[in-house]
Amino acid sequence: MKILTFTGATPSAALKKAKLEIGDEGMLIETKEVRKKSFGKEGLYEIIIGIEEDMLPSNYKKSSIPLSEQRPLKQESEDVLFDLSNAAEQIAKVSRVTDDPIAQYMVPPRQSHTPVTPLPEPRELKEIKSEINKLTDKVKIIQNMFWDEKSPDIESQIPSEFAEIYRLASQSGMNKKHLDELMKITLEHMPFKMRENSVTVKRYFQTILRKMVPIRREPLLKIGTKKVIMLVGPTGVGKTTSIAKLAARYSFLMQKKYKVGLVVLDTYRIGAVEQLMQYARMMKLGIETVVDPPEFTSALDSLRYCDYILIDTMGSSPYDKGKIEKIHECLNNNSTEFEVEVVLVMPSSIKYEDLKVTYDNFSTLGVDSLMFTKLDETMGFGNIFSLGYEIKKPIAYFSVGQEVPEDLVCASSDFLVECLLNGFNRSKA
Ligand SMILES: Nc1nc2c(ncn2[C@@H]2O[C@H](COP(=O)(O)OP(=O)(O)O)[C@@H](O)[C@H]2O)c(=O)[nH]1
Ligand SMILES: [Mg+2]
């Protein structure tokens, strides 16, 4: 049997919705008042319907491919999941398997070497705890009312327990349209029992957030293969510093020490070339400079002995089409067999709309993945979520400070969610 939940301003509105979607074959299991009608807001009721799988209308059945079998963006891009709604449904299903779905999302039990048998909690204590939780949520609702007097559409449908997480996410710089979509998915798929307090709501929302942005796991280099990585992006975002960090990472920070070579396409600003030359000298790496696009192939050729070839490019403003065109010419002139992975580097400190403009301008280069820098200089991280969600390009690395080589980390959705909800914390990177 499939258990489905439907919501509406009244129980009969929820039932009407259920009938519209799945017909008359369902069995009403429970009706629950989620939010009382108040302060000019509609009430919210939830009904739980049980229905045999084969009674579901064919157009209602959604794909139920397990998460692990869903096709990632690229073979190497694991952890990439775009169909959020499907992901949410699967998370909900998994959580229904446990006897107590709430327990699964609560703080994990403390590990102790001396096993202590916990005393059974008296019923009165449980009731008091539950009352305190409800009161805490009510205080949060009151706090959140001050935050936005003009209640936007989706907000009027949001159960009170969601208010805190909604406020947190909308203050993070996440695009409103994306946040509302995310909330809708969470509301639709979150198992009913988890909605009862803001702790479990937050945990469920975190799970959805993790699925929102695709992450590119660092591929392991197979024997006999090479990786050519080109960093592109506006001036001053941290490309050259990041090339130095990546060079150090591959040549001596990983378990296996790789041969690394550098190419600089930035030959207009003498200082810029010198900056990378210095790093190359310190790390004893081969370095080639390219002034004209036709030289690009010979630069790659002469670094053929390397496992990793890292290409630094001339900085350009997102509007400077001329410089982007020059990089394009280099890529077109590449007659070696090496595929160049183009990584667009952007600072996390600019707002979503500006990130999108930057991406649009550089997208002509065929951007494969993204790198965000200056995570240490920003407060909100919703802009990163929104860009990843909108353009569906995986994030490969984060730069978390100026120090070479240590301030570079492989991107992870756990770290990004942590930054969004609790702020940047270097030790969690
Ligand atoms: N705070 C901070 N500064 C950074 C980060 N990455 C680079 N920078 C600084 O940003 C400035 C510009 O970096 P650079 O690599 O020359 O940028 P490029 O023009 O894109 O090559 C330098 O002062 C770097 O030290 C970072 O993650 N955090
Ligand atoms: Mg530079």
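Miscellaneous remarks
- The one condition in (1) in the same structural domain as Gly322 (by TED's automatic domain parsing); (2) assigned to a loop (DSSP other than H, G, I, E, B); (3) in contact (Cβ under 8 Å) with a residue 24 or more places away in the chain that Ala248 fails to fulfil: (2)
- Cβ separations smaller than 6 Å between residues 6+ apart or across chains give the following pairs from the stretch 215-243 residues that are closer than 16 Å to Ser369 by Cβ to residues that are within 9 Å of ligand 2 (Cβ to nearest atom) and in a loop (DSSP other than H, G, I, E, B): Val232/Thr313.
- Test result for Pro234, modelled with pLDDT of 85 or more and either assigned to a loop (DSSP other than H, G, I, E, B) or of a type in the set (S, T, N, Q) (or both): yes
- Pairs linking a residue in the stretch 341-369 that is under 13 Å from Ser386 (Cβ atoms) to a residue that is charged (D, E, K, R), with Cβ atoms under 6 Å and 6 or more positions apart or on different chains, are Ser348/Lys374.
- Residue in the stretch 194-201 that is crowded, with 21+ Cβ neighbours inside 10 Å, among the basic types (Lys, Arg) and within 16 Å of ligand 1 (Cβ to nearest atom) present: no
For every residue, the table says whether it meets (1) more than 30 Å from Leu4 (Cβ to Cβ); (2) within 16 Å of ligand 2 (Cβ to nearest atom); (3) at pLDDT 85 or above.
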| site | (1), (2), (3) |
| --- | --- |
| Leu187 | no, no, no |
| Glu196 | no, no, no |
| Tyr204 | no, no, yes |
| Arg216 | yes, no, yes |
| Lys257 | yes, no, yes |
| Tyr279 | yes, yes, yes |
| Met282 | yes, no, yes |
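- Residues of the stretch 370-380 classified as in contact (Cβ under 8 Å) with a residue 40 or more places away in the chain and crowded, with 24+ Cβ neighbours inside 10 Å, total: 2
- Note on the stretch 306-336: residues that are at pLDDT 90 or above, within 16 Å of ligand 2 (Cβ to nearest atom) and either surrounded by fewer than 16 Cβ atoms within 10 Å (Cβ to Cβ) or outside the structural domain of Lys239 (by TED's automatic domain parsing) (or both) amount to 0.
- Qualifying position, being more than 12 Å from ligand 1 (Cβ to nearest atom), surrounded by 17 or more Cβ atoms within 10 Å (Cβ to Cβ) and in the same structural domain as Lys393 (by TED's automatic domain parsing), among Leu303, Leu231, Leu265, Leu276: Leu303
The values are calculated or read from the model by the stated rules, or taken from the named source; none is laboratory data. All figures in this text were calculated on a predicted structure; none of them were measured in a lab. Cβ: placed from backbone, ideal geometry, glycine included. Neighbour counts: every protein chain shown.
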